Every structure is written in C-alpha cells, then in structure tokens.
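Let me begin by presenting the structure, written as structure tokens, before commenting on it.
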Amino acid sequence: MRLGLVSGAYPPKLRSHINHRLYAQLHGLDYKYDTQRYENLQTPHFHKLMAVLGIIESYDWVMWLDEDAFFTDFSFDVTELVRSEPVEVFFVACKSPISPQGGWTFLNSGVFFVRNSSSGRKLLADALSVPKSDVKAAWKPEIYGFLTRGEQAHVIHVLHKNGLLDHIRLHDFRAFNARPYHWPDGSECELYPVVHFPGSKNKLTDIDRFSSRFGRDSTMIPPDLLARLGRPLDIEPDS
C-alpha cells in the first residue's frame, strides 16, 4: 500500500511542514509541502482539496494534515489506520470533539485520509464545486453540527446528499485529531498521536503554549529526536 502525506497553505504561516516531513521521512513515506496559490477557490480552506487532488493518482491513499495539525507521537504508524479498510471505504476522518464552548461538527477535515478511487476523487471534486448556497440551504445543524465557512461543510454536505455514509470511517477524535485541551496536566505529549488547533484566534501563541508544556518548540518535534538527527532546517515548498 502506498500512502502519501500532504500539507500546506497559501500563504504558509506555521512551521508544521517541518514536523510533517520529518514524520514522513522516519516512516518511509512521501511528503508534499504545497503552498501553491490556487485560483477561484470559494475560501482559502479549499486549498487542501486541490493539493490532495494534485498527488492522489500517485498513491493508494493520501493523508492530508492542516497547517495547524502536528504529529506528537513520532512512533505512531498512520498506515495502520487505512491498511485494512475494505475496498468500499474511501474516506477516513475523525469525529469532532465537543469544544469547551459546546460546539461540534459531524466530522473534522483538518486531518483525513482519502483513497485513490473514483469515489474518493469524486468526493473531493464535488466538495470543491458545490455552491456554498446549496450547502447552507440543506444544512441540518442537529445532524451536521456547526456550519463552518470552509471546505469541511462541503465535504459533510456531499457525504450526506450522495448517500455515502456507508463508505466512510469516522474514528474518535483521540485517534488522530485531538485538541490541546485534551492533554491533562502531567500527561506525556505522546498521549495522542496528533494535536490540532482549529478555531484558535492566536495559533502561534497557542502552539507555543502547548509545545512548551512538553519541552518542545513550535515544530512539536521531541528534543531527543532533534538531538539525534540534528536540528531540522525550515523546508522550502516543493516545486
């Protein structure tokens, strides 16, 4: 099974690409850092759908990570999350936790896997093209949760509208999309394999506050790993 990792943003603001690339290197996976400017997107959040579509045909599965998502456990093997999925499953994500303010969504698309299949590619294309007015008109907050302004709402809309729920796998958020407030005082950074900072009004501050709890910097890379490998340099976008 070939799995490719991709992340990025336009314009990039954080240093998570260093985290993502190092994780990929340690696990023998390809990594694409995509900071390309894509034209005519409904919002900047749709960048991720274009980035995934740009590489998906080279792999069996693609894993997307938002710029504000970081690996915390570098021994965690992401391939195990999709290796045994039956062929009819083409999209894997986590359910949204309930935020401290009480908000939630049907799923969170900050970290997800999509299979290189006609169904997987069509999901991305349909989410890109469906008008926001259609999504808003059909939204059922009691089922779908909070209506976000980005591509996540479009993915949720397409999955429900097209009757695709039997072809997706939704894990508990702890599997690979935990929030910083899920780490209790005294826990290890590796408690959950991925930390994600959606909705933060000051991501740099929140990332630094979380990482400093565990003696890490804004790349979220463990100090012992940095000591063994030498400090990674900032990585330029892939051409």
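The values are calculated or read from the model by the stated rules, or taken from the named source; none is laboratory data. As the structure is a prediction and not an experimental result, all values here were calculated from the model. When we count neighbours, we look across all protein chains shown, and the Cβ atoms used for this are built from the backbone with ideal geometry, even at glycine.
Structural remarks
- Lone qualifier among Pro184, Pro180 - being of a type outside the set (A, V, I, L, M, F, W, C), at pLDDT 95 or above and touching a helix residue (DSSP H, G or I) at 6+ places or on another chain (Cβ under 6 Å): Pro180
- Odd one out for Leu159 among (1) touching a strand residue (DSSP E or B) at 6+ places or on another chain (Cβ under 9 Å); (2) aliphatic (A, V, I, L, M); (3) surrounded by fewer than 18 Cβ atoms within 10 Å (Cβ to Cβ); (4) under 22 Å from Ala51 (Cβ atoms): (3)
- Of the set (1) farther than 22 Å from His20 by Cα; (2) assigned to a helix (DSSP H, G or I), all apply to Gly186 but (2).
- Inside the range 34-63, residues that are in a loop (DSSP other than H, G, I, E, B) and of a type outside the set (Val, Ile, Thr) make up a count of 10.
- Single match in Tyr10, Tyr33 (criterion: in contact with a His (Cβ under 6 Å, 6 or more places away or on another chain) and surrounded by fewer than 20 Cβ atoms within 10 Å (Cβ to Cβ)): Tyr10
- Of Asp166, Asp185, Asp172, all but one fail to be surrounded by fewer than 18 Cβ atoms within 10 Å (Cβ to Cβ), closer than 21 Å to Asp73 by Cα and out of contact with any strand residue (DSSP E or B) (no Cβ under 9 Å at 6 or more places or on another chain); the exception is Asp185.
- All of Leu22, Leu29, Leu5 fail the test of being farther than 27 Å from Asn202 by Cα and in contact with a Leu (Cβ under 8 Å, 6 or more places away or on another chain), apart from Leu29.
- The lone exception for Thr43 - which of (1) on the phi > 0 side of the Ramachandran plot; (2) touching a residue at least 12 places away in the same chain (Cβ under 8 Å) it fails: (1)
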